[in-house]
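Take a look at the structure set out below.
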Amino acid sequence: MDILTLIFVNILYLLLVHWVADFVMQTDQMALNKSTSNYWLGIHVGVYTLATISLWSLFFSIVDLEVSFLKYLEAAAALYVMHFITDYITSRITGRYFRAKKNHEFFVTIGFDQWLHYVQIFIVFNYIILK
């Protein structure tokens, strides 16, 4: 496999893992309450972080990318903090838009939230995992 294909596969996998961890693993209770409850926000971010690190670990072992336990801990801590801060802000904004039935603003904010998460994933992958 050439280097560009490997990079492309890694990017696609990182984005797939994010979708699974942030949407598939999020319960209705988490989704509906994280905008008003730090408890539920923390649960959501904890589940997200655990799922992300677990799925990264599985993939990295398949592609023979050796990652130490310490790097996984650093990555988990960074992902948790960044995801919590981002969702703390964006979920409160989207919560207001949702209640006001401002659908366009709601989805624009969700899209920006996802872009912020992608940036965070690439930062963690490049500066912690590959360091």
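Quick note: the coordinates plus some simple rules give every number you see, no bench work behind them. The structure displayed is predicted, hence computed values, not measured ones. All Cβ positions, even for glycine, are placed from backbone atoms using ideal geometry, and neighbour counts span all protein chains on display.
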ask   = Near LYS34, which lysines are there with a Cα under 30 Å away, not counting those fewer than 8 places off in the same chain?
value = LYS71, LYS101, LYS102
Helix-only [θ]222 nm of the chain, DSSP H runs n ≥ 4, -39500 (n - 2.57) each, per residue, nearest 500 = -26500 deg cm²/dmol
task = Report the local net charge at ARG92: Lys and Arg +1, Asp and Glu -1, summed over other residues whose C-beta lies under 15 Å from its C-beta.
result = +1
remark   = Listed residues ALA76, ALA21, ALA100; largest mean-square fluctuation, Gaussian network over the chain with Cα springs below 10 Å, found at ALA100
query = Picking from VAL81, LEU70, SER37, whose Cα lies most toward the positive end of the charge dipole for the chain (charges on Cβ: Lys, Arg +1; Asp, Glu -1)?
reply = SER37
query = For the Cα atoms of the chain, what angle does the longest principal axis make with the long axis of helix 3-19, in degrees from 0 to 90, nearest 10?
reply = 30
Neighbour-count order for LYS101, LYS71, LYS34, fewest beta carbons within 10 angstrom listed first = LYS101, LYS71, LYS34
message = Just to be sure I understand: with springs between alpha-carbon atoms less than 10 Å apart, which residue in ILE43, ILE62, ILE53 has the highest mean-square fluctuation in the Gaussian network model of the chain?
response = ILE62
ask   = Hey, if you put +1 on the Cβ of every Lys and Arg and -1 on every Asp and Glu Cβ in the stretch 3-129, which of GLY95, SER61, ILE121 ends up farthest toward the positive end of that dipole?
value = GLY95
task = May I ask you to sort THR109, THR27 by Cβ crowding, counting other Cβ atoms within 10 Å and putting the fewest first?
result = THR27, THR109
ask   = Among VAL24, VAL9, VAL17, VAL47, which comes first, then next, by fewest other beta-carbon atoms within 10 Å?
value = VAL24, VAL9, VAL47, VAL17
request  = Report, by chain and number, residues whose modeled amide H sits under 5 Å from the one on LEU65, excluding near sequence neighbours (fewer than 5 apart, same chain).
outcome  = none
message = If you average the alpha carbon positions of the stretch 84-131 and of the stretch 3-24, how far apart do those two centres end up, in angstrom?
response = 17
note = So the FRET efficiency between MET25 and ALA100, C-beta based with R0 = 35 Å and rounded to 0.05, is 0.80
message = Quick check for me: using +1 on Lys/Arg Cβ and -1 on Asp/Glu Cβ, what's the dipole size of the stretch 3-129 about its Cα centre, in debye to the nearest 20?
response = 560
ask   = With each pseudo-label sitting 7 Å past Cα toward Cβ, what's the ILE85-PHE69 distance in nm, one decimal?
value = 2.9
